[in-house]
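The values are calculated or read from the model by the stated rules, or taken from the named source; none is laboratory data. From a predicted model like this one, the values you see are computed outputs, not experimental measurements. Note that each Cβ is placed from the backbone with ideal geometry, even for glycine, and that neighbours are counted across all protein chains shown.
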Amino acid sequence: MMEWIANHSKTISAIASIGSFFIWLVYAQLLYHNFRRQRRPRVLINRGKSKGIDSLCIVSNMSAESIFIEHIIARLDTSHGSLLMDVTEFERSYQEGDEQRKDAQNGESEQPAQEASSSSEWRISDTTRQGPLGSGDFLHIGTFSEVIERMARRNGISLDGHWPSNEQLEFQRLTLSIIGIYGSEDHPIGVERAFRLHDANGECALVPERWDSNRLSSRRQRHKLRKLLNRISGEDISEQSTFQPPSDEESRNKA
């Protein structure tokens with residue numbers, strides 16, 4: 001046996017070297033895939049609590065690092081064009097000071113001054129969804145129906161339930177886009193998910209077009225996102241809407 005090994009030592013050494021090369025190649029592939037997984041952003045847009053239009057719109061960060069959310073853009077496609085709206089900020093329907101008056105009505109004004117001051121302290125999380133979202137964390141932007149109602153109200157569209165009162169107008173699709181910054185990346189990252197809207201026995205049904213959120217992380221997509229961020233910073237995204245309300249003539253013809 002030893003004599004055979006000695007006679008074939010060069011062949012055995014060559015085989016061992018080739019085997020070691022392939023083993024290190026496998027390890028290098030594993031390290032590379034693990035590095036890519038950690039550097040790749042992963043954000044999900046899902047329905048929560050239920051599957052209908054009254055379900056919560058949940059944004060989850062499944063990345064290895066935190067993501068800073070810059071903007072949340074909603075796009076509502078209709079039979080008469082598209083509506084665009086930045087829904088990052090919370091919608092406020094009360095005047096300044098209403099919160100203090102409400103606290104006084106509830107008897108909270110009887111608390112010690114220091115405790116009352118801390119309970120009414122202003123927090124940025126009370127006014128906007130912009131900010132860092134840690135790894136494994138999630139937030140919600142309200143229900144899908146609230147997003148649609150907010151966009152309809154902004155554009156003067158009256159609703160009958162979740163559908164437009166005008167029969168000439170039809171909601172077709174709701175697309176939500178998240179634009180943010182991941183880790184130390186210079187270019188923004190994005191994710192979007194579209195949901196079809198259709199009438200199901202008088203109820204508005206919400207059906208995702210894909211089983212997963214669409215990640216916008218290619219070089220070309222990030223370049224477009226950066227241009228979009230520059231444009232948003234100087235103008236209202238709603239000004240880019242293509243929606244044209246149905247004319248009176250169309251309504252008369254339908255009647």
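Per-residue answers, yes or no, for (1) at pLDDT below 90; (2) touching a helix residue (DSSP H, G or I) at 6+ places or on another chain (Cβ under 9 Å); (3) among the small types (Gly, Ala, Ser); (4) more than 29 Å from Asn166 (Cα to Cα):
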| site | (1), (2), (3), (4) |
| --- | --- |
| Ile15 | yes, no, no, yes |
| Gly19 | yes, no, yes, yes |
| Phe22 | yes, no, no, yes |
| Gln29 | yes, no, no, yes |
| Leu76 | no, yes, no, no |
| Glu99 | yes, no, no, yes |
| Glu108 | yes, yes, no, yes |
| Gln111 | yes, yes, no, yes |
Here the residues within segment 152-167 that are on the phi < 0 side of the Ramachandran plot and in a loop (DSSP other than H, G, I, E, B) are Asn155, Ile157, Ser158, His162, Ser165, Asn166, Glu167
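Suppose we keep only residues that are assigned to a loop (DSSP other than H, G, I, E, B) and out of contact with any Leu (no Cβ under 6 Å at 6 or more places or on another chain) within segment 33-51. Which one would you say is surrounded by the most Cβ atoms within 10 Å (Cβ to Cβ)?
Pro41
With the structure loaded, tell me whether Phe195 is in contact with a Gly (Cβ under 6 Å, 6 or more places away or on another chain), aromatic (Phe, Trp, Tyr), surrounded by 12 or more Cβ atoms within 10 Å (Cβ to Cβ) and touching a residue at least 40 places away in the same chain (Cβ under 8 Å) or whether it fails that test.
no
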Does segment 80-89 contain at least one residue that is of a type outside the set (A, V, I, L, M), more than 21 Å from His187 (Cβ to Cβ), assigned by TED's automatic domain parsing to the domain that holds Arg154 and in contact with a Leu (Cβ under 9 Å, 6 or more places away or on another chain)? yes
